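Here is the structure we will look at, set down as C-alpha cells.
All of the numbers you see were taken from the coordinates with simple rules; none came from a lab. All figures in this text were calculated on a predicted structure; none of them were measured in a lab. Because the Cβ atoms are built from the backbone with ideal geometry, glycine has one as well, and the counts that use them run over all protein chains shown.
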Amino acid sequence: MNVSTKFTIPITELEQPAFCSDDKEDLKAKTLRDEFAVGVRWQKIPKEFIKMEVGDLDRKIRDAKLKLSEKLLILGHHYQRDEVIQYADYTGDSYKLSKFAASNKSAEYIVFCGVHFMAETADILSGNDQKVILPNLTAGCSMADMAEEDDVIDCWNDLEGLLSDKGGVTPITYMNSSAAIKGLCGKNGGIVCTSSNAEDAFKWSLKSNERILFLPDQHLGRNTGLKLGFELDEMIVWNPFKPLGGNTESEIEKSKIILWKGHCSVHTRFNTDQINLARSKYSDVNVIVHPECTMEVVNSADYVGSTEYIKDMIENAPAGSTWAVGTEISLVNRINKMFPDKNIFCLDSAVCPCSTMYRIHPAYLCWVLESLLDNEIVNQISVESDVKNDSILALNRMLKL
Ligand code: SF4
C-alpha cells in the first residue's frame, strides 16, 4: 500500500474562482495580452498573436481555414466561448466529438477546441496519419487532473490485493480522464463511460465483478449508483491522500461502489438554494442539471442529463417554457440565444465559465492554423502506442454497450 506524499490541488481547480464575475460582458474575448494581465498561467506563444485584436484574429483564422480547406477539421466543445466555437466544423459534447474524430478519415489535421483529455481521445480514435492539435496546451480539466496516474495505480494495487478473491472489482473511468487512466481501465478488464451511458457501463461491469471503482468524478458515480438502486452506505469515497483511501479493509470489502474523490469545479458550484430561488421566482420553471452536480442538486432537479440531453430537451420544449439550467455558462448563454421563444437562465447568478475551456482563446487557434500554413505542426497531442492500445480496449467496450 502506497500513499501519496504530496497534497496536490490541481492548479486548474485553484484558478476556477478567478474566472467568476457578475458581468456577462467579461466572457467576451479581449486581446490575449489583456487576458494575461489578470495573472493566468497559460501557454506562451509568439508576441504578434498576444497583442492581436480580436477582429484581426477573426480575419486571419477565416483565411487560414479557407486555405487549409479539406485538410482541416475543427471540433468545438459546447463549453467553448462564442469567439472560438464559431469556427468549429462540428460542435458537441466530448463523446459526440470523439465520434466525429473517429469517423472522419480525410482531414489531415484535427484541431480540437476543447481540453486535453478530449484531444487525447481524438488521437486514440483517429487514423494513424491524422494529427490532433490542442491550440493551448494548458487547457486541461480540473476533474481529470484530480486522478493522477501514480495515485490511481496505488489505489488499484490496494484494491486488487484486498478484493481479488472476494468478488473482485471492475474499474470504470468517465471520459473526463487522462489516456493513462483509460489505459489502466482497458488493461484491467474495465471500461470508459460518458454521462449518457454510465448506467449501462455499471450494469456491464457488475456482470463480471461484484464491485466498481469509479474514476474520477465521485458525483457522477454516486448519482449513477443511486439511480441503479444502490444505497448510500454501499458506496465509499477513495481519497488518494489517505491510506486505503481513508477506509478500513472491512469497509472496502462491504462496499459495492468505490468513488474516486474527484469533482468538476464548474458543476459543483450549483446548490439547492439556487434551485429553491428559481422555483420561488417562476412557479412553472423546469430545473435541468448535469449529473456531475452533487447528489442533493440532482435529486432536487426535474431533469438530469448530459450537455447534449440538456440542449435537446430545451430545443424540443414548448415555446414560452422556463428553464433553469445547471451547466456551464457559455453553453447556457448559447442555448438562450438559439431559442429566444423560451425563458432560459443559468441556476448560478454569477458568471462562471469553465476556466480550462476558456483557455482556448482565438489567438491560440490563429497561431496553430498559421503554423500549419507554414508546414509546422505545433501543439500536437500524441498518445503513446501502448497507452493507446490499452485505452482502445476500454473505449471499444463502451462503444459496444
Ligand atoms: S466543465 Fe468540469 S469536467 Fe468539464 S472540462 Fe471543465 S472542469 Fe472539466
Amide H neighbours of G168 under 5 Å, at least 5 residues apart or on other chains, H built in the peptide plane: list them. E210
The answer for the net charge of residues other than I310 whose Cβ lies under 14 angstrom from its Cβ, with Lys and Arg +1 and Asp and Glu -1, is -3
Determine, from the Cβ-Cβ distance of S164 and K227 and an R0 of 41 Å, the FRET efficiency 1/(1 + (r/R0)^6), rounded to the nearest 0.05. 0.90
Net length gained if the chain between T248 and Y303 were fully extended (0.36 nm per residue, minus Cα distance): 16.2 nm
With a 10 Å radius around each residue's Cβ, average the other Cβ atoms per peptide and rank 37-43, 114-120, highest first. 114-120, 37-43
Pick from A144, A179, A107: which is most flexible by mean-square fluctuation in a GNM of the chain where alpha carbon atoms under 10 Å apart are linked? A107
Here, K337 and S280, labelled 7 Å along Cα→Cβ, have an inter-label distance in nm of 3.3 nm
Hey, rough spin-label estimate for S69 and S385, points 7 angstrom out along Cα→Cβ, what's it come to in nanometres? 3.4 nm
Links that overshoot a 30 Å alpha carbon limit, given the list K47/K182; K182/K254; K187/K311; K30/K65: K47/K182; K187/K311
Under 10 Å, Cα contacts only: if you run a Gaussian network model on the chain, which one of E315, E48, E148 comes out with the highest mean-square fluctuation? E48
For an R0 of 41 angstrom, estimate the FRET efficiency from the Cβ-Cβ distance between E108 and A37 and round to the nearest 0.05. 0.70
Using a 7 Å offset from the Cα along the Cα-to-Cβ direction at both D82 and N157, what is the distance between the two label points in nm, to one decimal? 5.2 nm
Tally Lys/Arg at +1 and Asp/Glu at -1 over every other residue whose Cβ is under 9 Å from the Cβ of D82; what's the total? +3
Hey, which aspartates and glutamates would be in cross-link range of K388, C-alpha to C-alpha under 12 Å, not counting anything within fewer than 8 residues on its own chain? E120, D123
Taking a point 7 angstrom from the Cα of E234 along the C-beta vector, which residues in the range 185-217 have backbone N less than 18 Å away? 198-215
Enumerate the calculated ³J(HN,Hα) couplings along the range 110-126 in order (Karplus 6.51 cos²θ - 1.76 cosθ + 1.60, θ = phi - 60°), each rounded to whole Hz, writing x wherever the residue is Gly or Pro. 10, 9, 9, 8, x, 10, 4, 5, 6, 5, 4, 4, 4, 5, 5, 8, 8
Within the under-12-Å Cβ sphere about S98, not counting S98, Lys/Arg +1 and Asp/Glu -1 give a net charge of 0
Under the Karplus relation 6.51 cos²θ - 1.76 cosθ + 1.60, θ = phi - 60°, what is the ordered set of whole-Hz ³J(HN,Hα) values for the range 37-50, x standing for Gly and Pro? 4, 7, x, 6, 10, 9, 5, 7, 10, x, 3, 4, 7, 5
State to the nearest 20 debye the size of the charge dipole of the range 276-365 about its Cα centre, where the only charges are +1 on K and R beta carbons and -1 on D and E beta carbons. 280 debye
Cα gyration tensor shape for the chain, rounded if a/c is under 1.5, else prolate or oblate: oblate
Here the range 173-183 yields Karplus 3J(HN,Hα) values (6.51, -1.76, 1.60; θ = phi - 60°; whole Hz; Gly and Pro given as x) of 10, 5, 3, 7, 8, 6, 4, 4, 6, 4, x
